Amino acid sequence: MDTGGGLVLIVEDDPNIAALQELYLARNGFGTRVETDGLRGLETVARLRPVAVVLDVALPGLDGVTFCRRLRDRGDWTPVLMVTARADEADRILGLELGADDYITKPFSPGELVARVNTVLRRGRGAPGGRTHVAGALRVDTARRTVHRDGAEIELTATEFNLLVHLLDRRGRVFTRRELLAQVWGEESAYRDPRVVDVYVSQLRGKLGGASPIRTVRGVGYGTTDPAR
């Protein structure tokens, strides 16, 4: 599997779980660093600049949700895979609203963890031979993975960017939430609740403002149209 390598920061207070995560990530070509509380984890992200963070939700000192909020508030868009033992889907959706790129629920297989990390990293890579979309005041460069509105850059997570480009690539088509889960996230089974798509659409609309090209088709799903300038 092409992982791309790099350092993955594991923020996990259970030493057995952290050791297992380290073992499997290392076997797949990643360097690893473990921190056992959220505050130390935030400091390590700023100091070591990992390619991704595997973040437990229930942490001492600073919980994973607050960790993610603070990371994004300071303009750091390092990919974050949240690990949760909570059964309530709303907790996971909250993490995504705060800028997490994916989540995985305990118990999970180490192989699934590695696959999710690889998926998150692939989302963040620019595609060769990229193209530019122009929709009203919005300009999206898929090679550089940048979005500008009237010349000002807008910061998007990797998943937000991929969702936006997927819709722009197929203007005029309307997708159901389940279709978007399968085609953008890559594994429909990873997100059983289609509200995850609604969360990301809401986040995109909030960031893009009146320049958002995303339209809702009631009873069906989402598509794109050129917004008025």
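General observations
- For the range 11-29, the candidate set comprises residues that are part of a loop (DSSP other than H, G, I, E, B) and over 16 Å from ILE104 (Cβ atoms); within that set, the residue that is most open to solvent (accessible area, probe 1.4 Å) is ASP13.
- Residue count for the range 104-141 satisfying the condition of being open to solvent by 10 Å² or more (accessible area, probe 1.4 Å), under 26 Å from GLY206 (Cα atoms) and either β-branched (Val, Ile, Thr) or at pLDDT 80 or above (or both): 9.
- Unmet criterion (only one of (1) in contact (Cβ under 8 Å) with a residue 40 or more places away in the chain; (2) assigned to a loop (DSSP other than H, G, I, E, B)) for LEU180: (2)
- Here VAL8, VAL34 are screened, and the one residue that is at pLDDT 90 or above, outside any helix (DSSP H, G or I), over 18 Å from the mean Cα position of the chain (by Cα) and among the aliphatic types (A, V, I, L, M) is VAL34.
- Subset of the range 37-51 [part of a helix (DSSP H, G or I) and either open to solvent by 40 Å² or more (accessible area, probe 1.4 Å) or touching a Pro at 6+ places or on another chain (Cβ under 7 Å) (or both)]: LEU39, ARG40, GLU43, ALA46, ARG47, LEU48
- Count - residues of the range 168-183 that are at pLDDT 90 or above, open to solvent by less than 40 Å² (accessible area, probe 1.4 Å) and under 17 Å from ARG218 (Cβ atoms): 1
- Looking across the range 142-167, the residues that are over 22 Å from ASP198 (Cβ atoms) and either among the β-branched types (Val, Ile, Thr) or open to solvent by less than 20 Å² (accessible area, probe 1.4 Å) (or both) come down to THR142, THR146.
- Looking only at residues of the range 52-65 that are more than 19 Å from PHE30 (Cα to Cα) and within 16 Å of the chain's Cα centre (by Cα), we find that the one that is surrounded by the most Cβ atoms within 10 Å (Cβ to Cβ) is GLY64.
The values are calculated or read from the model by the stated rules, or taken from the named source; none is laboratory data. All figures in this text were calculated on a predicted structure; none of them were measured in a lab. Neighbour counts are summed over all protein chains in view; Cβ atoms, including those assigned to glycine, are modelled from backbone coordinates with ideal geometry. Remember, those area values only see protein heavy atoms, side chains included, never the ligands or the DNA or RNA. Shrake-Rupley method; radii C 1.70, N 1.55, O 1.52, S 1.80 Å.
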